[in-house]
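Participant: Quick one: the structure is below, questions incoming.
The values are calculated or read from the model by the stated rules, or taken from the named source; none is laboratory data. The structure presented is a predicted model; accordingly, all values stated were derived computationally and were not measured. Virtual Cβ from ideal backbone geometry, glycine too; neighbours counted across all protein chains shown.
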Amino acid sequence: HLCDRRQRQMCIRDRYMKERILVTGGTGYIGSHTVVELQNSGYEVIIIDNLSNSSADVVDNIEKVSGIRPAFEKLDCLDFAGLDAVFAKYKGIKAIIHFAASKAVGESVEKPLLYYRNNLVSLINLLELMPKHGVEGIVFSSSCTVYGQPDELPVTEKAPIKKAESPYGNTKQINEEIIRDTVASGAPINAIMLRYFNPIGAHPTALLGELPNGVPQNLIPYLTQTAIGIREKLSVFGDDYDTPDGTGVRDYIHVVDLAKGHVNAIQKAVSAEGVNIYNLGTGNGYSVLDIVKAFEAANGVKIPYTIKPRRAGDIATCYADPKKAKEELGWEAQYDLKRMCEDSWRYAQMCEK
Ligand code: WQD
């Protein structure tokens, strides 16, 4: 079976390879899963990553999963000359998926200038180089955080942008404006902006997943480390929100579903004119305690937790109206919460081996 699979992958690579796609941040959590789905769809992928929040062995694991080793350039997107050289080396790059960014909300409050420089200048460098090298499309990794606490739920792409709660969230808003203004200036660029909700889960092979540095800030990594015993108990940040059980409600989406959404977006980015924005979520909202219960039921583990005060900057409820992505990208999330919990747990256990 594996041999057939490998032959099939070789076949795709040798004879049916579609366009070359550059993926910045391609050894990261969402990036690595997206590289695999691009390869499964026959694209040739070049990864740029500075490995500041990931490791080079992710490239090996991508090859194990897809059967195809992507090109990898260790490079910081702040390095304009280095980026220019990569575009010159890999001629004919059709489009870019830009994941590379600093993304820790709390850290961005402590180090705003690091976030503004890294997240804004990296994007500016790419946008400046695209016309020079004939790169037509860019898919930008944005976030539902631009909506703040939406006035109406589920939240559509028409919802107003709210004042960002953190420098991280502000960089996403400013990046979206930079892209809009660049395309409006007449640059030969088509842009797709994908606003992610809460990506969780891991690849079913347990070869790819989320490897947070230090103490996890996000719910699922902290929860899995509690289940394993690395953390004593989960802190539930607030149970006095205006939600069914008082804890925060979010739209959790499997990282593989999110990755597949990027393949659909790339197909549109190389053809559709102008700027298009899509929410990538499931349309379902789950509370923190819903997640704890689902994880315990899916994996037969117990998650000790304690209720703590609200976390600064948190909103009560946010979940997507995913209709536009379904209608225009032909994409919708497939995996349910049980599958997200099972895949997260399998990966966490693999990492601890
Ligand atoms: C989810 C819920 C917390 C940890 C952030 C960014 C967003 C994106 C995803 C980058 C909330 C609660 C959490 C914990 C808890 N990041 N929680 N105990 O804040 O919705 O979104 O990460 O792209 O841009 O804003 O995700 O996982 O941190 O929190 O109770 O130890 O879990 O209060 O209700 P969030 P999260």
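Participant: Among the residues of the stretch 163-180 satisfying the criterion of being modelled with pLDDT of 95 or more and surrounded by fewer than 20 Cβ atoms within 10 Å (Cβ to Cβ), which is nearest to the chain's Cα centre (by Cα)?
Facilitator: GLN173
Participant: For the subset of the stretch 258-275 comprising residues that are touching a strand residue (DSSP E or B) at 6+ places or on another chain (Cβ under 8 Å) and closer than 30 Å to TYR347 by Cα, which member is farthest from the ligand (Cβ to nearest atom)? Outline the logic, then answer.
Facilitator: Initially, the stretch 258-275 is screened for residues touching a strand residue (DSSP E or B) at 6+ places or on another chain (Cβ under 8 Å), giving 258, 261-262, 265-266, 268-275.
From what's left, closer than 30 Å to TYR347 by Cα: 258, 261-262, 265-266.
Working: LEU258: 11, GLY261: 14, HIS262: 14, ALA265: 16, ILE266: 20 Å.
In this case the residue turns out to be ILE266.
Participant: Search the stretch 129-162 for residues being in a helix (DSSP H, G or I) and within 16 Å of the ligand (Cβ to nearest atom), and hand back the single one that is surrounded by the fewest Cβ atoms within 10 Å (Cβ to Cβ).
Facilitator: Result: VAL146.
Participant: Taking the stretch 304-317, which residues are of a type in the set (A, V, I, L, M, F, W, C) and in contact with a strand residue (DSSP E or B) (Cβ under 6 Å, 6 or more places away or on another chain)?
Facilitator: ILE307 - this is the single residue of the stretch 304-317 that is of a type in the set (A, V, I, L, M, F, W, C) and in contact with a strand residue (DSSP E or B) (Cβ under 6 Å, 6 or more places away or on another chain).
Participant: Oh, and also: What about GLU352, is it surrounded by fewer than 18 Cβ atoms within 10 Å (Cβ to Cβ) and within 24 Å of TYR147 (Cβ to Cβ)?
Facilitator: Details: surrounded by fewer than 18 Cβ atoms within 10 Å (Cβ to Cβ): yes; within 24 Å of TYR147 (Cβ to Cβ): no.
Here the answer is no, as GLU352 does not meet what is asked.
Participant: Does SER166 count as touching an Asp or Glu at 6+ places or on another chain (Cβ under 7 Å), closer than 23 Å to LYS111 by Cβ and of a type in the set (S, T, N, Q)? Please lay out each step first, then the result.
Facilitator: On the way: touching an Asp or Glu at 6+ places or on another chain (Cβ under 7 Å): no; closer than 23 Å to LYS111 by Cβ: yes; of a type in the set (S, T, N, Q): yes.
Here the answer is no, as SER166 does not meet what is asked.
Participant: What are the residues in the stretch 240-249 that are farther than 17 Å from ALA312 by Cβ and either more than 10 Å from the ligand (Cβ to nearest atom) or outside any loop (DSSP other than H, G, I, E, B) (or both), if any?
Facilitator: Listed by number, the residues that qualify are ASP242, PRO244, ASP245, GLY246, VAL249.
Participant: Something else about it: Somewhere in the stretch 173-183, is a residue touching a residue at least 60 places away in the same chain (Cβ under 8 Å), in a loop (DSSP other than H, G, I, E, B) and either more than 16 Å from the ligand (Cβ to nearest atom) or farther than 27 Å from ASN264 by Cα (or both)?
Facilitator: No: zero hits.
Participant: If you go through the stretch 213-239 one residue at a time, how many are part of a loop (DSSP other than H, G, I, E, B), more than 12 Å from the ligand (Cβ to nearest atom) and not β-branched (Val, Ile, Thr)?
Facilitator: Residues flagged as part of a loop (DSSP other than H, G, I, E, B), more than 12 Å from the ligand (Cβ to nearest atom) and not β-branched (Val, Ile, Thr) within the stretch 213-239 amount to 4.
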